[in-house]
Every structure is written in C-alpha cells, then in structure tokens.
1. Would you check if there is a residue in region 256-267 being open to solvent by less than 10 Å² (accessible area, probe 1.4 Å), more than 20 Å from the chain's Cα centre (by Cα), at pLDDT 95 or above and more than 30 Å from Ala15 (Cα to Cα)?
2. Tell me, yes or no, whether region 168-188 has at least one residue that is among the β-branched types (Val, Ile, Thr) and open to solvent by 10 Å² or more (accessible area, probe 1.4 Å).
3. Determine if region 52-74 includes at least one residue that is in a helix (DSSP H, G or I) and open to solvent by 50 Å² or more (accessible area, probe 1.4 Å).
4. Do we find that Ala128 is in contact with a helix residue (DSSP H, G or I) (Cβ under 9 Å, 6 or more places away or on another chain) and closer than 30 Å to Val250 by Cβ in this structure?
5. Could you run through region 221-237 and say how many residues are at pLDDT 95 or above, assigned to a loop (DSSP other than H, G, I, E, B) and either in contact with a Ser or Thr (Cβ under 9 Å, 6 or more places away or on another chain) or open to solvent by less than 30 Å² (accessible area, probe 1.4 Å) (or both)?
6. Does Glu251 qualify as being under 22 Å from Leu279 (Cβ atoms), free of Cβ contacts under 8 Å to residues at least 24 places away in the same chain and not polar (S, T, N, Q)?
7. Against the definition (of a type in the set (Lys, Arg) and modelled with pLDDT of 95 or more), how does Arg61 come out, yes or no?
8. State whether the residues of region 273-281 include one that is acidic (Asp, Glu), open to solvent by 10 Å² or more (accessible area, probe 1.4 Å) and in contact with a Leu (Cβ under 9 Å, 6 or more places away or on another chain).
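The values are calculated or read from the model by the stated rules, or taken from the named source; none is laboratory data. Source: prediction; values computed, not measured. Don't worry about glycine lacking a Cβ; one is built from the backbone with ideal geometry, like all the others, and counts go over all protein chains shown. Ligands, DNA and RNA are stripped out before the accessible areas are found, and what is left, the full protein with its side chains, is counted by its heavy atoms. Shrake-Rupley method; radii C 1.70, N 1.55, O 1.52, S 1.80 Å.
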Amino acid sequence: MTPFTYERATDAAGAVALAAGRPKVTYVAGGTNLVDHLRLGIVHPEALVDVSRLPLDHVRRDDGGGLRIGATARNSDLAAHPDVRRDYPVVAQALLAGASGQIRNAATTAGNLLQRTRCSYFQDVSTACNKRVPGSGCSAMAGFRRMHAILGASESCIATHPSDFAVALAALDAEVVVLGASGERRIPFGELHRLPGDHPERDTILEPGELITEVVLPALPIARRSAYRKVRERASYAFALVSVAAAIDVEDGTVRDARIALGGVAHKPWRATVAEESLRGAEASEESFRAAAAAELEQADPPPDLAWKVPMARNTIVATLRGLAAGGVR
C-alpha cells in the first residue's frame, strides 16, 4: 500500500489551500470511486483532503429560478428532492439508474461527475493503458471492448465516461462552479469533460487543486418534459451500454425545441447537437425521430465488433423521444 496523509477541510477555501502547490493531493468525499482505485493501485496520492463535511450539501433555488446543487449533496437526497423530481425529472431518473441504493447514499454530486472510466484495462495495472500510464498503449484496441466508445475516440483511447448523472446535466446546459487558487470560475458543463485526443489521462479541464463547489441547473421549462433511458446488461448496478437523456417541447405536433445527450458512447457525455437541430421545427413523429438519430450517428466510427452500438443508440434515442412526445416514458 502506498502511504498517504489525511487532512480534513472545514471550508472550501481551506480545502483549496491544503491542495495548493501539491499536485498529488486528491479530494475525497463519498469515496465510492476513489477507494476502489486506491485498492487496485491505480492512483497513488501523497495526501487526501476530506471535503465530505463542507457545508455544500444544499439543493436550493437561485435568483433566476434555476437550481443550485452543492458538491457534497448525496445522490439519493438529490434524486428524491421534490424540485428535482418535478422540474428536472431526467436528473432524478439518471441518478436512480446509477449504482445501488447503498452507494447512492454515500456518493456525492461532484464525485459522480469526476468518476473515472470503468474500462477493464484501466482498472488492471498489469495491462497497458494510456489513461493510467500515458504513452504505454491501449490494450482495449485489440481486446475486450463491449463498453467502449463509438464517438469521439482516438488512437490513444476508446474508453467511455461512466456517469449517468453527467449525461442528464449535459442535456440541460448546466454549469459547474469551481474554486481554485486563482479564485472562482464557472464552466459550461459541456466543456468540463474532455475527449481523449493524445492525452486521455486528462478526464476534465480542471486544474490541479481546483474544487467543484456547485452545479447550477438553469431555469428550463423544457426540462419538465424530460426522461433518461439506460440500456444495460442487467436491471440494476450496471453501467450503460447506451443511455439517452432527452427533453422535448412539442406544440401542435411540431417540435419547438429538443435537448439530447448520450452516455456509454464516448469519452465524455455526448451532446447530440446534430439531432437537436434536425428536430427543431420538424413533425413530432417516428420518422423525424429516426432521421434525427441517424443524422447524429453519422459521426460514429465504431470498430467492427462495436458496430451494434450504432443501431442500439439510434433505437434508444427514438424510443426516448417517442415516449416524451406521447406525454411520458414508455
């Protein structure tokens, strides 16, 4: 076991101060992902800074009518919150689709967003993995890759992001509030996570020592008609093969607006902007939904053994939109 020190922060500024200038310091709250990685030998921090007791477990309205979610709000509490269930059902459904009840009771908002890939080669230190050891190669390229990417992958990495919650936030234009040594900044959610490129070891654009303090959901009437659909190999406690977070606004049979994001298909939650643009002004019909899904997935470049993910993603998009257009989820 790699030795490390443990320090507990009492406020966000104190946590950032403890991490400043120490690149091998890791924040810990619920620990549901980090503890696994410590046991597997994937990460070797010099110090852990405990942020679990920071006063950041709030879920409250902001002045613009949106919702501010504290970084340490527990997944189970957030999924059960009446404002979330009523105004952002896609968020509640995505949270409940993830992990198990016990894990949701411990897992936090920020920790969920910062989950690392569940690629089996990333989690096996005896194999080559550019995400774990930059420049070592990617064992998944010629190995088992059922859970891997069909969009936005590179020659360095074809891993996918595991979070369900993050897919819902990507569809809703959320923002992430971050505190660092240089002060506070707000990051549009779609910019938080990275595609792999030549540096798959970097999951996000966060700088060393930066701490997520809040997630802000905008006031978004379309979000009341939203849903999350997840295709997985068993009914619970399984990561997505493909998932879809969607919201739709239909008036007189015409789609006025749509928000769609995909999970299980890319290194980051994939915002389906091509499909959204295809739908705006189109008839709310099966034909339009299929055309929009097909247009989005023209970008897919799966290896032969992952070609089945393209029709799976297309059919999942269509099924989700069909259910929402009919007034619910089927």
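1. no
2. Residues of region 168-188 among the β-branched types (Val, Ile, Thr): 176-178, 187.
Those still in the list that are open to solvent by 10 Å² or more (accessible area, probe 1.4 Å) too: none.
No.
3. Applying the first criterion (in a helix (DSSP H, G or I)) to region 52-74 yields none.
Within region 52-74 (the criterion being in a helix (DSSP H, G or I) and open to solvent by 50 Å² or more (accessible area, probe 1.4 Å)), the answer is no, since none of the residues qualifies.
4. On the way: in contact with a helix residue (DSSP H, G or I) (Cβ under 9 Å, 6 or more places away or on another chain): yes; closer than 30 Å to Val250 by Cβ: no.
No: the conditions fail for Ala128.
5. The qualifying residues number 1.
6. Values: under 22 Å from Leu279 (Cβ atoms): yes; free of Cβ contacts under 8 Å to residues at least 24 places away in the same chain: yes; not polar (S, T, N, Q): yes.
Here the answer is yes, as Glu251 does meet what is asked.
7. Working: of a type in the set (Lys, Arg): yes; modelled with pLDDT of 95 or more: yes.
Yes: the conditions hold for Arg61.
8. At the first step, the residues of region 273-281 found to be acidic (Asp, Glu) are 276-277.
Those left that are additionally open to solvent by 10 Å² or more (accessible area, probe 1.4 Å): 277.
The next check asks that each one be in contact with a Leu (Cβ under 9 Å, 6 or more places away or on another chain); those that pass are none.
No, there is no match, as no residue in region 273-281 is acidic (Asp, Glu), open to solvent by 10 Å² or more (accessible area, probe 1.4 Å) and in contact with a Leu (Cβ under 9 Å, 6 or more places away or on another chain).
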